[in-house]
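J.: Below you'll find the structure I mean.
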Amino acid sequence: QVQLVESGGDSVQAGGSLKLPCATSGDNYERKYIGWFRQAPGKARERVATFYRAGGSQYYAASVKGRFRASQDDTKNIIYLQMNNLKPEDTAMYYCAAVNRYTLTAEEYTYWGQGTQVTVSS
């Protein structure tokens, strides 16, 4: 019912920027909130941002606040993650996910995209 496809991952130099789209479809209630997460090999999955589709509210992890920004297109079906001033520690597989309520916990998200790789070199 709900599908999410994130893309836009690439290799970039430190200080550069990337914009990741998450194309979503399906029941609006089940994708009320869109979360962005990342996971590097050997590390736990980390919350990056949460986006409320109906109102546009945004919540960010401290590690990316001021550098990353979530937004959506006019249809509210594509949620973007604009990443600026990228650092090597941002290197990870990035995922978008959907859930029907606000939560910071990855385990509570119901639907997940396939992931897109972001690599930041020094």
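The values are calculated or read from the model by the stated rules, or taken from the named source; none is laboratory data. Treat the numbers as computed from the prediction; the structure is a model and nothing was measured. We place every Cβ from the backbone using ideal geometry, glycine too, and count neighbours over all the protein chains shown. Just the protein is used for accessible areas: all its heavy atoms, side chains included, with ligands, DNA and RNA removed. Shrake-Rupley method; radii C 1.70, N 1.55, O 1.52, S 1.80 Å.
Yes/no per residue for (1) within 24 Å of S122 (Cβ to Cβ); (2) among the small types (G, A, S); (3) in contact with a strand residue (DSSP E or B) (Cβ under 6 Å, 6 or more places away or on another chain):
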| residue | (1), (2), (3) |
| --- | --- |
| G55 | no, yes, no |
| S63 | yes, yes, no |
| R67 | yes, no, no |
| K76 | no, no, no |
| Y80 | no, no, yes |
| N84 | yes, no, no |
| E89 | yes, no, no |
| A92 | yes, yes, yes |
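J.: Restricting to region 60-70, and then to whatever is assigned to a strand (DSSP E or B) and touching a residue at least 12 places away in the same chain (Cβ under 8 Å), can you tell me which residue is surrounded by the most Cβ atoms within 10 Å (Cβ to Cβ)?
T.: Ranking the qualifying residues of region 60-70, first place goes to A70.
J.: Could you list, in sequence order, all residues of region 26-41 that are part of a loop (DSSP other than H, G, I, E, B) and either in contact with a Lys or Arg (Cβ under 6 Å, 6 or more places away or on another chain) or closer than 20 Å to V64 by Cα (or both)?
T.: Of everything in region 26-41, those that are part of a loop (DSSP other than H, G, I, E, B) and either in contact with a Lys or Arg (Cβ under 6 Å, 6 or more places away or on another chain) or closer than 20 Å to V64 by Cα (or both) turn out to be A40, P41.
J.: Do we find a residue being out of contact with any Ser or Thr (no Cβ under 9 Å at 6 or more places or on another chain) and open to solvent by less than 10 Å² (accessible area, probe 1.4 Å) anywhere in region 48-58?
T.: Here is the first cut: in region 48-58, the residues out of contact with any Ser or Thr (no Cβ under 9 Å at 6 or more places or on another chain) are 49, 52, 54-55.
With the extra rule that they be open to solvent by less than 10 Å² (accessible area, probe 1.4 Å), the set shrinks to 49.
Among the residues of region 48-58, at least one is out of contact with any Ser or Thr (no Cβ under 9 Å at 6 or more places or on another chain) and open to solvent by less than 10 Å² (accessible area, probe 1.4 Å), which makes the answer yes.
J.: Now, a different point. Would you pick out the residues in region 13-38 that are out of contact with any helix residue (DSSP H, G or I) (no Cβ under 7 Å at 6 or more places or on another chain) and under 14 Å from V120 (Cα atoms)?
T.: Scanning region 13-38 gives Q13, G15, G16, S17, L18, K19, R38.
J.: Given the criterion at positive phi and free of Cβ contacts under 8 Å to residues at least 40 places away in the same chain, identify the matching residue among G15, G8, G42, G55.
T.: G42
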